[in-house]
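Participant: Quick one: this structure, given as C-alpha cells, is what I'll be asking you about.
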Amino acid sequence: MNLQTLNFQRFLRKMGWQVAQSPNERIVYLESPKAVDGDFSSVILPADMRLADAQLRLHQALDVVADHLHRSRRQVAEQIEKWSVDVINSRFFSRSEQIDSIPLSLATLVIDDLRTFVGYAAYGQLNPAKFYAKAGKAAAEFAKDCRFGHTFEGSFGLTIECPLSNVAQLSIDESLVDPPFERLVMQRIASGYRDLQTAILTDDPSPILEGYQLGMNANMMRALNDIYENLGTLQVEYYLDWSPEITPPADLLSLPPVKFDGRAHELVRYAADSLEKEEDEQTTTIVSYVVSLKSEMPLSDGIQDEFEHVITLDWERERNGFARIRVVLPAGEYKKACDAHKNGKKIQVSGIPRKEGKFWILTRPSEIMFSTA
C-alpha cells in the first residue's frame, strides 16, 4: 500500500482529530477527540513525503488509527488511499456461476468502452449536447487522468478511480469551495445512472432523453450498450463510491446499483437513436474536398442513375469536431465529384445528416456546387 500524508491528515481531520503544535517541522502531530474518560490517541505523520522515514511513520500511524477505530489495517488503509478519489464500479456476474475472471480479450474491450464512457462524460460537462460526432481533446485527457483499479471480492469487476484535483486547496468547510471538475463529471455520470434507473422502473425512456443536459449524452449510452453486447451471457451493474472529501448532492449521495440488463439495453439504444436524430434534423451545408469515391459500376456514357454512386466528405461540425459523411449522388453529379477529387477542388452540398450504424449519411442532398477556383 502506498499511503500519502496529505490524504491521511484530511482523513483524520474529517473524523475530528486536531493538529497540535510541535517544535519539529518535519512532522505533523494529531490528537483524536477525547473519550468520556479523557483518554485519546495520537499519531505522528511526516510533513513531507520526501523524508526518508515517511512511509515508516505512516504505517506506524496506521496501526494506531486502526486500533483506535477498531478496524483492520487494510480497511483503514483503503479508506485513506481512496480518500480524494471518486470510484466508478462495474460488477460483472452470472446467474449460474461465480465469476472471478474474464478473458483478456473481453477485458480489453470493456476497458476501452469504459474509457469512452468517462471521456464523453467529461466532454459533456464542458459542452452539454445530445450527441457528438467526435470528442475533443478534453475527453482523452480526462480519461488519461483516471486509473483502473482492482477487482472486488465476491465477483469480478473493474473500478475506475477518478482523483479529485486541488485537494490541498479544499477547505475543511466544503461549503466554502466549488466542487472540482472531476467531481462535476462524476455527478453527471451519477445523474445518468439515476435517470436510467428511473427509466427501467417506469419502462419509459423519457428520463434519459430529457436528462442529457445534466446526465448521459448519446455517446455515453452507446458505450454502455457496447459493454452489454460484448459481455454476452454475463450481466453488469454499476454504482459509485464517492470521495468523503466533498459531499455530493443529496439526490445522488446514496444511489442503488443500476443493473444493466436486456431491457436497459433496449431503452438506452432507443434514447441514443432519438438524441442523435434530434441533434441533426436540420439542413446542413458541407464544404469539403472529396475524401473518397465509390461506385457500383464504372462511369460510362450509358445510363448510370440506377446504380449507387457515393462520395465521402469531411464534415466540420460547429461544436463536435470533424466527422466523415457519405453522400449518394446522381451519375452526372458523381462524375463532377470525380473531377473535383482529381483536380483537388472543393464541393459544396446541403442535406440532412443521419447516423446509420457506424456511418453518417447526408440524406436529401441538394444545392450541389463545385468549385472552379
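The values are calculated or read from the model by the stated rules, or taken from the named source; none is laboratory data. This is a predicted model, so every value here is computed, not measured. So basically every Cβ, Gly included, is an ideal-geometry build from the backbone, and we count neighbours across all protein chains shown.
Participant: List the pairs whose first member sits in the range 16-37 and is farther than 15 Å from Val65 by Cβ, whose second member is in a strand (DSSP E or B) and of a type in the set (D, E, K, R), and whose Cβ atoms are under 6 Å apart, counting only residues at least 6 apart or on separate chains?
Facilitator: Listed pairs, sorted by first residue: Ala20/Glu31.
Participant: I'd like to check something: does the range 189-211 contain any residue that is assigned by TED's automatic domain parsing to the domain that holds Ser165 and over 21 Å from Asp273 (Cα atoms)? I'd like the intermediate steps shown before the answer.
Facilitator: To start, the set of residues in the range 189-211 that are assigned by TED's automatic domain parsing to the domain that holds Ser165 comprises 189-211.
Checking the rest, the ones that are also over 21 Å from Asp273 (Cα atoms) come to 190.
Yes, the range 189-211 contains a residue that is assigned by TED's automatic domain parsing to the domain that holds Ser165 and over 21 Å from Asp273 (Cα atoms).
Participant: Another question, then. How do the pairs read when you match residues in the range 58-77 that are within 14 Å of Pro46 (Cβ to Cβ) and without any contact (Cβ under 8 Å) to a residue 24 or more places away in the chain with residues anywhere that are part of a helix (DSSP H, G or I) and among the β-branched types (Val, Ile, Thr), using Cβ under 6 Å and keeping only pairs 6 or more apart or on different chains?
Facilitator: none
Participant: Given the structure, is Pro244 modelled with pLDDT of 90 or more and assigned by TED's automatic domain parsing to the domain that holds Glu161?
Facilitator: Against the criterion (modelled with pLDDT of 90 or more and assigned by TED's automatic domain parsing to the domain that holds Glu161), Pro244 does not qualify.
Participant: Among Glu308, Glu266, which is of a type in the set (D, E, K, R) and modelled with pLDDT under 80?
Facilitator: Values: Glu266 fails: modelled with pLDDT under 80.
Within the list Glu308, Glu266, the selection yields Glu308.
Participant: Please specify each residue of the range 89-100 satisfying the condition of being touching a strand residue (DSSP E or B) at 6+ places or on another chain (Cβ under 6 Å) and either acidic (Asp, Glu) or assigned to a loop (DSSP other than H, G, I, E, B) (or both). Please lay out each step first, then the result.
Facilitator: Residues of the range 89-100 touching a strand residue (DSSP E or B) at 6+ places or on another chain (Cβ under 6 Å): 89-93, 99-100.
Passing the criteria: Ile99, Asp100.
Participant: Let me ask something else about it. With the requirement that a residue be closer than 28 Å to Lys358 by Cβ and modelled with pLDDT under 85, what does the range 133-154 give you?
Facilitator: Passing the criteria: Ala133, Lys134, Ala135, Gly136, Lys137, Ala138, Phe148.
Participant: Further question on the same structure: Of all residues in the range 319-363, count the ones that are more than 30 Å from Ala223 (Cβ to Cβ) and under 36 Å from the mean Cα position of the chain (by Cα).
Facilitator: Restricting attention to the range 319-363, the residues satisfying the condition of being more than 30 Å from Ala223 (Cβ to Cβ) are 329-350.
Those left that are additionally under 36 Å from the mean Cα position of the chain (by Cα): 348-350.
So the answer is 3.
Participant: Out of everything in the range 51-86 that is surrounded by 13 or more Cβ atoms within 10 Å (Cβ to Cβ) and outside any helix (DSSP H, G or I), what residue ends up being nearest to the chain's Cα centre (by Cα)?
Facilitator: Only one residue fits best here, namely Asp86.
Participant: Across the range 19-29, what is the number of residues that are surrounded by 13 or more Cβ atoms within 10 Å (Cβ to Cβ) and of a type outside the set (Ser, Thr, Tyr)? Break it down stepwise before answering.
Facilitator: Here is the first cut: in the range 19-29, the ones surrounded by 13 or more Cβ atoms within 10 Å (Cβ to Cβ) are 19, 22, 26-29.
Subset that is of a type outside the set (Ser, Thr, Tyr): 19, 26-28.
Residues flagged as surrounded by 13 or more Cβ atoms within 10 Å (Cβ to Cβ) and of a type outside the set (Ser, Thr, Tyr) within the range 19-29 amount to 4.
Participant: Is it the case that Ile88 is under 22 Å from Ile246 (Cα atoms), touching an Asp or Glu at 6+ places or on another chain (Cβ under 9 Å) and not hydroxyl-bearing (Ser, Thr, Tyr)?
Facilitator: So Ile88 fits the description; yes.
Participant: Quick one: is Leu109 in contact with a Ser or Thr (Cβ under 7 Å, 6 or more places away or on another chain), at pLDDT 80 or above and in a helix (DSSP H, G or I)? If you could, list the steps in order and put the result at the bottom.
Facilitator: Working: in contact with a Ser or Thr (Cβ under 7 Å, 6 or more places away or on another chain): no; at pLDDT 80 or above: yes; in a helix (DSSP H, G or I): yes.
No: the conditions fail for Leu109.
Participant: In the range 36-50, what residues are part of a loop (DSSP other than H, G, I, E, B) and either among the aromatic types (Phe, Trp, Tyr) or closer than 17 Å to Met15 by Cβ (or both)?
Facilitator: Across the range 36-50, the qualifying residues are Asp39, Phe40, Ser41.
Participant: Further question: For the range 130-139, state whether one or more residues are surrounded by fewer than 20 Cβ atoms within 10 Å (Cβ to Cβ), of a type in the set (Phe, Trp, Tyr) and in contact with a helix residue (DSSP H, G or I) (Cβ under 8 Å, 6 or more places away or on another chain).
Facilitator: Checking the range 130-139: not a single residue is surrounded by fewer than 20 Cβ atoms within 10 Å (Cβ to Cβ), of a type in the set (Phe, Trp, Tyr) and in contact with a helix residue (DSSP H, G or I) (Cβ under 8 Å, 6 or more places away or on another chain).
Participant: Where the second residue is of a type in the set (D, E, K, R) and the first is closer than 16 Å to Glu237 by Cβ and lies in the range 86-104, which pairs have Cβ atoms under 6 Å and are six or more apart or on separate chains?
Facilitator: From residues that are closer than 16 Å to Glu237 by Cβ, the pairs are Val87/Glu161; Val87/Asp241; Arg91/Glu237.
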